[in-house]
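The structure is given below, and queries will be raised subsequently.
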Amino acid sequence: MRKVLRWLLSLVVLIGTVAAAGTTTATAAADATDIKDRLLAVPGISLVEEKPYDGYRYFVLNFTQPVDHKHPSKGTFQQRITVLHKDVSRPTVMFTSGYNVSTTPSRSEPTRIVDGNQVSVEYRFFTPSRPQPADWSKLDIWQAASDQHAIYQALKPVYGANWLTTGGSKGGMTATYYERFYPRDMDGVVAYVAPNDVVNDEDSAYDRFLAHVGPKDCRVALQKVQRETLVRRTALEKKYKDYLAANNYTVNTVGSLDKAYEATVLDLVWGFWQYQPESACADVPDAKTVTDQALFDYVDAVGGWSSYADQGLERYTPYYYQAGTQLGSPDIRQPWLGKLSRYGYQPPRNFVPRSIPMKFDKRAMPDVDAWVRHHATRMLYVYGDNDPWGAERFRLGRGAEDSYVLTAPHANHGANVAALTAGDKDLATQRILAWAGLSGTTAKAPHDAKLDRTDPARELTLRP
């Protein structure tokens, strides 16, 4: 009997050894396969182009997605993604701006910190990642989160180490919504300057913020410039008309040149604090002495006169649609303008073609807010002290675990981990490394001026 047991034990050991050897061989074979071949072997992925970059492989790809994840049989579309490949053994960061994806190689801050791979995702309905014909009812936060979930499931067998998701502004919102609907996918979330407009009809937090942000003399100077731009409306609208004509711009979506003009002017104060450093206060012109042309040029530099032309709005139609159906949007009072404002802060409906139906869902943001407060796990939020979008931000409550909300002093909408105080920076960096499976290491990649440049496509008007 003992001989039989010894024989069975030997057989089990032999089988285990053979199986382990087979697995090792298969893993080695997979690792030896060129990364392009491995990516193109993933169902639904096709190559658009590969661009050379020292130390990496960089691919622009299409990924086949259902138009409706609840009914996958009802059509598909091609979603554009990019892969900045470092090594399959390194952590992977899923990045989205919440808008279009750049097809120029770049690294998000978490990607630099973990020295890993980066999968960047274009948000659905931003061209060319738009179903045809476009059923706009399928543009919502759950469908977009499901896009990310599908990409993660497809690429996890290739990139088997830990995954993080990140994004700034609308991208930070996107990372949050993905975690809310698919909390088991990512090992950590790093969300930068993510607005959280829980109750769309109550925006007094923004008014309180704008009443106290930055030095008082700078606030007053900006208010006077904004007011003067409305006082000189007749003269400056002539310049605006010439500007539109010179660039072949139209204003059919907003409805009139006057509405488009005022929408641009009313963004001035917000736009300044969103992206200008406090040092730019020295560049605010004197409202009493500034010439018409200098005033026109200053508004253009801070906000951009093209913002509310049809050609400026077209790229952002998906954002304004979401702002008017789920995300919410600010409505600030700006009492220093008195009766000079004819339209007030215009709603997103004014910036989306009337052929696209819109209905606001009041349940979406309270649901996400409650989930973050009570269920956030391994989530990091970074805000800028001078950023208007941070006036309504994500907050943590009971039930949140290993999660943090940190604020960078004097920083604007470009706030990041590097801008935090020394203690907060160390905390954030160590948590990001831990979530990436790199506890106790200092894995940060060396700075690369091209890969780590500031995003040139940042939003210069009232968009997160």
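The values are calculated or read from the model by the stated rules, or taken from the named source; none is laboratory data. All of these numbers come straight from a predicted model, not from anything done at the bench. When we count neighbours, we look across all protein chains shown, and the Cβ atoms used for this are built from the backbone with ideal geometry, even at glycine. When the accessible area is computed, the model is the full protein with side chains, heavy atoms only, and any ligands, DNA or RNA have been set aside. Shrake-Rupley method; radii C 1.70, N 1.55, O 1.52, S 1.80 Å.
State the number of residues belonging to segment 439-453 that are surrounded by 13 or more Cβ atoms within 10 Å (Cβ to Cβ) and either under 25 Å from the mean Cα position of the chain (by Cα) or of a type in the set (D, E) (or both).
The number of residues fulfilling the criteria is 6.
Within 24 Å of D367 (Cα to Cα), assigned to a helix (DSSP H, G or I), among the β-branched types (V, I, T) and modelled with pLDDT of 95 or more: does that describe T174?
yes
Yes or no: S89 closer than 21 Å to R57 by Cα, in contact (Cβ under 8 Å) with a residue 60 or more places away in the chain, within 17 Å of the chain's Cα centre (by Cα) and in a loop (DSSP other than H, G, I, E, B)?
Criteria not met by S89.
Can you tell me which residue among V213, V189 is crowded, with 20+ Cβ neighbours inside 10 Å, in contact (Cβ under 8 Å) with a residue 12 or more places away in the chain and in a loop (DSSP other than H, G, I, E, B)?
Every option except V213 fails the conditions.
Filter segment 306-324 down to residues that are over 18 Å from the mean Cα position of the chain (by Cα) and polar (S, T, N, Q) and give me whichever is surrounded by the most Cβ atoms within 10 Å (Cβ to Cβ).
Only one residue fits best here, namely S307.
Just one of G116, G98, G160 is small (G, A, S), open to solvent by less than 10 Å² (accessible area, probe 1.4 Å) and out of contact with any Pro (no Cβ under 7 Å at 6 or more places or on another chain); which is it?
Going through G116, G98, G160 in turn, the sole match is G98.
For segment 120-157, what are the residues that are surrounded by 19 or more Cβ atoms within 10 Å (Cβ to Cβ) and of a type in the set (V, I, T)?
V121, I141, I151
Which of the residues belonging to segment 55-79 are open to solvent by 70 Å² or more (accessible area, probe 1.4 Å) and either closer than 18 Å to H149 by Cα or at pLDDT 95 or above (or both)?
Selection gives K70, H71, P72, S73, T76, Q78.
Looking only at segment 103-113, filter to residues that are touching a strand residue (DSSP E or B) at 6+ places or on another chain (Cβ under 7 Å) and either surrounded by fewer than 24 Cβ atoms within 10 Å (Cβ to Cβ) or among the charged types (D, E, K, R) (or both); which one of those is farthest from P128 (Cα to Cα)?
Among residues in segment 103-113 that are touching a strand residue (DSSP E or B) at 6+ places or on another chain (Cβ under 7 Å) and either surrounded by fewer than 24 Cβ atoms within 10 Å (Cβ to Cβ) or among the charged types (D, E, K, R) (or both), the one farthest from P128 (Cα to Cα) is R107.
Do any residues in segment 313-339 that are assigned to a helix (DSSP H, G or I) have Cβ atoms under 6 Å from those of residues that are at pLDDT below 95, where the two are at least six apart or on different chains, and which pairs are they?
Y319/R463
Every residue, every condition in (1) touching a Phe, Trp or Tyr at 6+ places or on another chain (Cβ under 6 Å); (2) closer than 20 Å to Y99 by Cα, yes or no:
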{"residue": "W163", "(1), (2)": "no, no"}
{"residue": "R180", "(1), (2)": "yes, yes"}
{"residue": "D185", "(1), (2)": "yes, no"}
{"residue": "D201", "(1), (2)": "no, no"}
{"residue": "A221", "(1), (2)": "no, no"}
{"residue": "R232", "(1), (2)": "no, no"}
{"residue": "K238", "(1), (2)": "no, no"}
{"residue": "T250", "(1), (2)": "no, no"}
